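Here the structure comes first, spelled out in structure tokens, and everything after it is commentary.
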Amino acid sequence: MKLTVAHDHQLPAGVLGLALSPDGTEAFAACADGTLQAVDPTTGKAEPFAEKHHSFASGCVLLPDGKTMISGGYDGWLLWHDVATKRCWRRVQAHQFWNWQLALSPDGRHLATVTGQYLPGGWKYEPAQETEPSVKVFDTLTGEPVAAFSHGPPVLSCCFSPDGLHLAAANMMGDIKIWKLPASADGQPVAQWNSPDFTSWGTTKTHHYCGGIYSLAFSPDGSTLLCCGMGPMGDPMAGNGKMTWQRWNWQKGERLDQIKDGQHGTGLMEAIAWHPDGQHFIMAGRQAQGTWNAALFSAADGSLVHSIDTKKRITHARFTADGKSLILAGANGQPAPKNGVWPPWGRLQVYQVES
């Protein structure tokens, strides 16, 4: 299996969230300028939605009927948009701080959103306790909250199991928690563990922790959980930790596999996703050193199958339902404005997936 680039499109600002229509003919991008863009993956034509977030738009999901888009942002709000008219028709304040990531249940009824600010909580600079629930779940039809869970902030990633009965969330310290839905009265997770391979303690320039698990994905059969991020490093400010993924038996908190030595470079990995065949998955992100920033891996033994270097930051990776195409979204640097005008620095790339 290999990837061949078919289209490479510019967008007005870096992409922090990505959703696809069921047939893969339309993409939706949540961008750093606060806008939500509807993009034709073939032509690259982009049409902005009418209402934007007051800060970065950090995530977006498309409900199964294809008629409603929900976006989240660093302003802490969730916005419901009509896809046909591009108008916003519902606004819900989800958090007092940033929304880091959104996840939609497979049936489209529930939306998970995660938040949290890293503030030192003690002399070891461990994160302070949350000031609001770091994981929340909303009913997508009514906009009403249906669950709130405690976690260690900042919580950077979340995902639903294929049957929609479990929600996983992970944070900067490598802590992973999984809850059963509907939520129990005490809100306790049914599984939780820590992987120290996703965080770093730094003393260069300032004392702090850095890193985290930036993306999660249940396997198609729901039995295992993939996570990715950046491994420990001597100077977290340099962003050159090991490109890392791990695969876990989540019911036991048992690590089954991880990236092989010699098959990685350094950099922050921000996206992980399963191919529909269930036999391969992709990890992608930013490269500090090495030969690739996106790679396909075998689910059977975890070996690297194919890799590419897009020369860009990748924040999201989505396969189309038929598995024949891969959409990568992200950014090309972070340029300064020229004469008050920002050059287009968002990117959306389409790759053909060949056996």
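Some notes on this structure:
- Residues of the range 36-65 with amide N under 15 Å of a point placed 7 Å along Cα→Cβ from A84: 65
- When the alpha-carbon atoms of the range 2-52 are used, the pair Rg, Dmax equals 11.2, 38 angstrom.
- 16 Å Cα-Cα reach of K45 towards lysines, excluding residues that sit fewer than 8 places from it in its own chain: K86
- The slack in the chain from A321 to V341, taken as 0.36 nm per residue of separation less the alpha-carbon distance, amounts to 3.5 nm.
- Cα shape, the chain, gyration tensor, a/c 1.5 rule: rounded
- Pairs from the list K67/K180; K311/K338; K52/K124; K252/K312 with a Cα-Cα gap above 32 Å: K52/K124; K252/K312.
- Size of electric dipole in the chain: Cβ of Lys, Arg +1 and of Asp, Glu -1, about Cα centre, debye, nearest 20: 660 debye
- Those aspartates and glutamates that a straight Cα-Cα span of less than 16 Å connects to K260, excepting residues fewer than 8 apart in one chain: D197, D301
- Fluctuation leader among T266, T244, T131 - the chain, Gaussian network, Cα springs under 10 angstrom: T131
- For the range 186-335: rounded, prolate or oblate by the Cα gyration tensor [a/c cutoff 1.5]: oblate
- Dipole of the chain, positive end: most advanced residue of A169, G121, A148 [Cβ charges, Cα centre]: G121
- Here each label is just a point 7 Å from Cα along the line to Cβ, and for T291 and E144 those points are 5.6 nm apart.
- Listed values for the range 315-325 are Karplus-derived 3J(HN,Hα) couplings in whole Hz (6.51 cos²θ - 1.76 cosθ + 1.60, θ = phi - 60°), namely 9, 8, 9, 9, 7, 5, 4, 7, x, 8, 9, and x replaces Gly and Pro.
- Between the range 249-326 and the range 19-36, the C-alpha centres lie 21 angstrom from each other.
Every read-out reported here was derived from the displayed coordinates using simple, explicitly stated rules and does not represent laboratory data. The shown structure was predicted, so the numbers you read here are calculated from the model rather than taken from an experiment. Quick reminder, even Gly has a Cβ in these numbers, built from the backbone with ideal geometry, and neighbours come from all protein chains shown.
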